[in-house]
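Some notes on the structure that comes next.
Please treat every number below as a calculation from the coordinates, not as lab data. All figures in this text were calculated on a predicted structure; none of them were measured in a lab. Cβ atoms come from the backbone with ideal geometry, glycine included; neighbour counts cover every protein chain shown.
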Ligand SMILES: [Zn+2]
């Protein structure tokens, strides 16, 4: 048993209606006061996505030093290489090197490791 929210009468079956965009649970005598909310419409309301964690990347956690654009560029210049040379050596596109050196692209762990090896610099700060 529940009470009608309009007249207060106890009723076994309550209907959900809308009055002034508010929902009321009402008895059958009061259900004509507003449009009845269709049960099917309630069921098809978009549900909030479940909060199951979504694994974005299989890569282990790591931090690339924020100094990486300068480190890469300085080291490349020191080795007397053009961006094109370095790109070739790393088997990457020249645009990738350019974006790395301007800080527009965070290197992946494998690319960072490759550059550490080729340039003799330290880019990865933490790896778990
Ligand atoms: Zn009622």
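What to note about this one:
- The value given for region 62-127 is a Kirkwood hydrodynamic radius of 11.5 Å, derived from the mean inverse Cα-Cα separation.
- Cα pair distances of region 2-42 binned at 5 Å [whole percent]: 6, 30, 34, 22, 8, 1
- Each of 16, 101, 61 was scored by other Cβ atoms within 10 Å of its Cβ. Arranged with the fewest first, they read 61, 16, 101.
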